[in-house]
Every structure is written in structure tokens, then in C-alpha cells.
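Derivation of every value follows stated rules applied to the coordinates shown; laboratory data play no part. Quick caveat: nothing in here was measured; it's all calculated off a predicted structure. Glycine gets a Cβ as well: all are built from the backbone with ideal geometry, and neighbour counts include every protein chain shown.
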Ligand code: ZN
Ligand code: FE
């Protein structure tokens with residue numbers, strides 16, 4: 001039985017995601033940007049929080065952990081490399097581990113790039129992946145204490161998931177990402193269509209999530225670093241994909 005997945009806005013532009021197992025009633029939050037909105041949704045749905053799965057240690061992903069833990073006594077799981085900086089941590093996981101939430105089985109992928117100790121959670125039976133700040137709709141997270149090489153490898157790996165996989169990311173940055181993507185991939189028709197849709201969605205005050213791996217492969221420049229048109233737009237024809245990734249991210253930082 002697939003999970004019920006509910007994604008909603010929290011703080012300014014963070015996403016909270018709840019994943020509910022119908023069979024057992026177990027419910028996981030993917031990251032905890034802020035406790036109050038998560039509690040509100042749990043109450044509305046009549047769900048009890050059993051787990052928090054943490055993608056990375058940045059404050060806007062962990063600040064809600066302790067109040068949620070106090071309220072529900074839920075179990076907190078995070079990557080072993082980030083362990084010392086996760087409040088209320090109960091379980092450390094690493095590449096290849098499986099995290100059980102009721103009958104749901106999440107896979108753990110190490111996806112460095114935004115930070116060196118970032119992890120993502122796959123949920124193959126629901127055809128979903130929770131990528132935190134590694135991959136954003138039409139973009140990716142800024143590189144802090146990691147490298148363009150690691151980022152490229154992580155994004156490429158996420159791109160190996162089936163096209164229909166639903167992608168749940170950590171922030172609503174789609175509009176800015178779409179506008180930037182148009183500057184480096186101007187001939188991409190699917191991108192133009194999607195960017196226009198995103199302008200409308202945001203103008204109406206709605207959210208652009210979630211995305212799919214197939215859609216990202218067609219419109220996200222960081223998953224298209226091998227595309228000649230993008231390389232041309234950057235003046236880097238035939239350049240190494242890592243160099244393209246670094247250049248794209250650098251340009252976006254000052255966009
Ligand atoms: Zn972050
Ligand atoms: Fe973040």
C-alpha cells in the first residue's frame with residue numbers, strides 16, 4: 001500500500017513533508033523546519049508523529065525537532081556524519097541503510113553537494129524521493145562545505161531514479177530557478193513552457209511542488225550539463241560536467 005504524502009510550506013520558503021503509513025498509522029516528518037505548522041497538519045489529519053527523518057543539519061531543517069519530540073516522543077533519524085549537530089538524535093544511518101517507519105521502508109542515499117553530510121531518503125514502493133536541499137525544482141542547493149564534483153555526482157545519481165519518481169525538495173525556490181534556467185538553456189522548449197506555468201502558479205500564490213525526476217531531467221540545467229546548448233550558452237563547449245556544474249552554480253549565486 002503506498003504512503004500518503006503531504007507537503008506544505010513552513011517558515012518563509014521551507015517545505016515540511018509528512019509521510020503517513022495507512023497500514024500501521026506511523027507518520028514521519030522529513031525534516032522539521034518549524035514545529036507549529038507540522039503539529040497543525042498532524043492534528044487536522046488525525047495523525048500521530050512517530051519519526052523525524054533529517055536530510056541535513058542546517059537550522060531551517062532541524063529547528064522544529066525538539067518541540068516535536070517533546071510532544072510526540074518520536075524517533076529522530078539522521079546521517080551519521082551529521083550526528084553531533086542533530087538535536088534529539090536517536091538513530092544514525094549511512095549509505096545503503098533502510099529506515100522503517102511502520103511498514104514503509106526508506107532507503108538512505110548519501111547525496112553531498114549542498115553540504116558534505118547531506119542524505120536523501122528514497123521510498124521506492126511509493127515511487128518517491130526526499131532530497132532536502134540537494135536538488136530543487138529546476139535548480140540545486142548552494143554549495144557550502146562540499147564540492148561541485150560531489151554535487152554533480154549526487155544529482156547524476158538522483159537522475160538514475162525512474163522518470164515517474166516524485167521529487168520532494170526542501171524549498172520553494174522554483175521561480176528564481178526557472179528564471180535562471182532560461183538564461184543558460186534558452187532553446188529548451190519544455191523549460192520555456194514550464195517556466196511560464198511556474199510564473200502563473202506563483203502569481204496565484206500557489207506552490208510549484210512536487211516535481212518528478214523525468215521533468216527535472218528535461219528542465220533542470222544541473223541535470224543537463226551534458227547538453228550542447230547549455231555548454232554553448234556558458235561558452236564552455238565540451239567542458240567537463242563538473243566544471244559546468246560549478247559554473248552554473250556560480251552564476252546562479254549572483255543571479
Ligand atoms: Zn540547507
Ligand atoms: Fe534549507
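Summary table below
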read-out: Ranked by how many other beta carbons lie within 10 Å on average, peptides 4-14, 26-36, 211-221 from highest; value: 26-36, 211-221, 4-14
read-out: Separation of alpha-carbon centers, segment 1-58 and segment 72-87, rounded to whole Å; value: 15
read-out: Ranking of 136, 180, 144 by count of other Cβ atoms within 10 Å, fewest first; value: 144, 180, 136
read-out: Helix axis angle, 241-253 relative to the chain longest principal axis, alpha carbon, degrees; value: 80
read-out: Spacing of the two label points (7 Å from each Cα toward its C-beta) at residue 192 and residue 45, in nm; value: 3.9
read-out: Cα gyration tensor shape for segment 48-122, rounded if a/c is under 1.5, else prolate or oblate; value: oblate
read-out: Prolate/oblate/rounded label for segment 123-227 (Cα gyration tensor, a/c 1.5); value: rounded
read-out: Relative contact order (percent, whole number), the chain, Cα cutoff 8 Å, 6+ residue spacing; value: 13
read-out: Cα long-axis angle, helix 189-203 against the chain (0 to 90 degrees, to the nearest 10); value: 50
read-out: Rounded to 10°, Cα long-axis angle of helix 174-184 versus longest principal axis of the chain; value: 20
read-out: Cα gyration tensor shape of the chain, rounded if a/c is under 1.5, else prolate or oblate by comparing a/b with b/c; value: prolate
read-out: Sites residue 254 and residue 105 - FRET efficiency at Förster radius 45 Å, r taken between beta-carbons, to 0.05; value: 0.60
read-out: Two-site FRET efficiency, residue 90 against residue 156, from Cβ-Cβ distance with R₀ of 41 Å, rounded to 0.05; value: 0.80
